[in-house]
Amino acid sequence: MRPRSTPLPSAAGPSRRSRLVLVPFGLVFLAAGLLFEGFLAREFLRTAATYGWDQTPCVMTASEVIPDPAQTWPNQDFLVRVSYRYTAGGAERNSTALDRTPRTAFSDYGEAQRLADRLTEGTQTVCYVNPANPDEAVLRRGSLWMGLLLLFPLIFVALGGGLVWAGVRPARAEAPGLEKTKPISERPRARGRWILALVFGLFLALGASMTWAFLLRPALKIAAARSWPVVPCQVLASGVRSHRGDKSTTYSVNILYAYEYEGRPFRANRYSFFTGSSSGYGGKAAVAARYPAGRRAECFVNPADPTEAVLNRDFTAAAWVGLVPLVFALVGAGGLAGMMRRKEADAPSTLRDAPGAMDGLRGASGGKLKTASSPWGKFLGILFFAMVWNAIVSVFVWQLIESGRRGRFEWGLGVFLIPFVLIGLFLVAFAAHAFLGLFNPRPRLVVTPPEATPGSPLDIQWRFSGRTGVLRRVTLRLKGREEATFRQGGKVRTEKREFASFDIADTTARAEMASGQARFQVPPGLMHSWKAPHHRIVWVLQVQGIIRHWPDVDEEFVITMRPAPAAAAPPAEVA
């Protein structure tokens, strides 16, 4: 029986016409990323400029919290109105600027009140004066940590630029096989790895910080609030606040109430510790309706800081919003962990025929072979990816549905979501297919000897467990393939080529399909199993079971192919 060769796929990949479809999507991501990056950069530079201003003593002359006169309830923020005097350029001056933003608004009344309490009349504090214009001063400088946000739009810029480049780059004229492609193990390590690590690091950092803000921190507050005292309060105003975005509108509960603690009056507008907004107007309206203006209620007050109060100290449906950034954090952590494992696997090793070169390819324990991949592992991996993908897409789909219910269907968002929804449906179908495969008969192989040797016989026994009656045909093959990882067109690719395939068994007899055996004479001159950092030779026994109207059985068992024994040298002649 002679090996069958299979040529490598063309290195040019899809046709240029099909790749041009990527360009519009890339331009959208690229434009959005650059626009967002420019806006963040402008704000960061304004904030950073104040760190070069003169630090000057000043005295507060007034401080109070007022409703924003430019807004109406329930979409109303709160302002901290301040005034202070300072001396600069040999003259006493006055200012009412809190910071460099034209209007610093607070959606949380308690947060505004805490700032106003620190800046009461007569308080000696420090302000920052512009040396180029002494009349310009601020009480607060923004945090330079906001500069980390500049990294977030770069994800969209890189993704958009990559899609555009993939769509317009010229196709290669030739299709090099592994023989013409130099393995990465023989060249410098791919330079793009640090870029991938940066992307995964950004996902982890942003996902972890947002998970802390929207899930973990509120959860800790809920635990602490269990010991807060219950205080009577009176509702002053209530309603549903709208948060309008570029593509959709989200909502949050906004209830303003007054209370007293230790003889001092306070106000707050926090309903729960989960302060984010989400789609779905009806649920928020129902909560606001339970707290009409003038109603007497009970709130929970932080005894260590009476400006902090809450009406509901339990978990609410908004807690699910905090799971969205957790997905990003898990993707980032999983990506970095996978890169670390790959780095360990790619550690420098000896090459062909060196001691230990085949240790990582051993698949046998005694004479029983192990599958190259577990059906459960395959199903769970596909399911996890499908859940992550569809969880992210579903947020935007829900917003699209809500816009339709309000009579303002957003066609632009709908068209943009079509490919993402189709990919999600494909992933669900793929996961369902893998799930059905879990109920297939499971093959087991025992080989004698446990490692194959060119030119020597190999006895193979197979046995299926489970529903063997559904099998219509069983085939067994020995396959050899070459796997090489190399850099091509700015991307790191792993390409596989099957260079040998030998039929061992092919049966439709019910008894033989459930359990059988075969002897196979391994042809001489075959390449042995071999593993290097970016190049390896793998031998597998492939078991296929055809099942009508159901996913077929298709599993591979890794087997070690030993080097052929060296021929004994002829005895030397003795003179």
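The values are calculated or read from the model by the stated rules, or taken from the named source; none is laboratory data. Remember, predicted model here, so these are calculated numbers, not experimental data. Cβ coordinates were reconstructed from backbone atoms using ideal geometry, including for glycine residues, and neighbour counts include every protein chain displayed.
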In segment 103-125, anything more than 33 Å from the chain's Cα centre (by Cα), closer than 20 Å to ARG241 by Cα and in a helix (DSSP H, G or I) is listed as TYR109, GLY110, ALA112
Some residue of segment 441-456 being modelled with pLDDT under 85, outside the structural domain of TYR281 (by TED's automatic domain parsing) and among the basic types (Lys, Arg): no
Scanning segment 100-156 residue by residue, those farther than 16 Å from ARG85 by Cβ and acidic (Asp, Glu) turn out to be ASP108, GLU111, ASP117
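Take the conditions modelled with pLDDT of 95 or more and either polar (S, T, N, Q) or out of contact with any helix residue (DSSP H, G or I) (no Cβ under 7 Å at 6 or more places or on another chain) (or both) and apply them to TRP53. Does it pass?
On the way: modelled with pLDDT of 95 or more: yes; either polar (S, T, N, Q) or out of contact with any helix residue (DSSP H, G or I) (no Cβ under 7 Å at 6 or more places or on another chain) (or both): yes.
Taking the combined requirement at face value, the residue satisfies it.
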For segment 243-260 the number of residues that are surrounded by fewer than 18 Cβ atoms within 10 Å (Cβ to Cβ) and either in contact with a Phe, Trp or Tyr (Cβ under 6 Å, 6 or more places away or on another chain) or under 19 Å from ALA112 (Cα atoms) (or both) is 2
The strands (runs of 3 or more DSSP E) lying entirely within segment 520-568 that contain at least 3 residues which are within 30 Å of THR468 (Cα to Cα) are 535-547, 553-558
Flagged pairs (Cβ under 9 angstrom, 6 or more apart or on separate chains; first in segment 83-98, not assigned by TED's automatic domain parsing to the domain that holds ALA132; second part of a strand (DSSP E or B)) are none
Checked pairs for segment 106-121, first in the same structural domain as ASP77 (by TED's automatic domain parsing) and over 17 Å from ASN75 (Cα atoms), second surrounded by fewer than 17 Cβ atoms within 10 Å (Cβ to Cβ) and aromatic (Phe, Trp, Tyr), C-beta under 7 Å and 6 or more apart or across chains, list as none
Residue set TYR128, TYR51; condition among the hydroxyl-bearing types (Ser, Thr, Tyr), exposed (fewer than 13 other Cβ atoms within 10 Å of the Cβ) and either outside any loop (DSSP other than H, G, I, E, B) or in the same structural domain as TYR257 (by TED's automatic domain parsing) (or both); output residue TYR51
(1) in contact with a Gly (Cβ under 6 Å, 6 or more places away or on another chain); (2) at pLDDT 90 or above; (3) under 30 Å from LEU330 (Cβ atoms) all hold for THR307 apart from (3)
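Here is a yes/no grid of residues against (1) closer than 21 Å to ALA213 by Cβ; (2) of a type in the set (D, E, K, R); (3) part of a strand (DSSP E or B):
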position: SER242; (1), (2), (3): no, no, yes
position: ILE255; (1), (2), (3): no, no, yes
position: ARG270; (1), (2), (3): yes, yes, no
position: ALA293; (1), (2), (3): no, no, no
position: CYS299; (1), (2), (3): no, no, yes
position: THR307; (1), (2), (3): yes, no, no
position: ASP314; (1), (2), (3): yes, yes, no
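Taking into account only those residues within segment 457-511 that are within 30 Å of VAL164 (Cα to Cα), of a type in the set (D, E, K, R) and surrounded by fewer than 17 Cβ atoms within 10 Å (Cβ to Cβ), which is modelled with the highest pLDDT? Don't jump to the end; show me each part of the working.
Step one: of segment 457-511, the residues within 30 Å of VAL164 (Cα to Cα) are 483-497.
Okay, now just the ones that are also of a type in the set (D, E, K, R), so 483, 487, 491, 493, 495-497.
With surrounded by fewer than 17 Cβ atoms within 10 Å (Cβ to Cβ) added as a condition, the list becomes 483, 491, 493, 496.
Details: GLU483: 86, LYS491: 61, ARG493: 72, LYS496: 83.
Filtering first and then ranking leaves GLU483.
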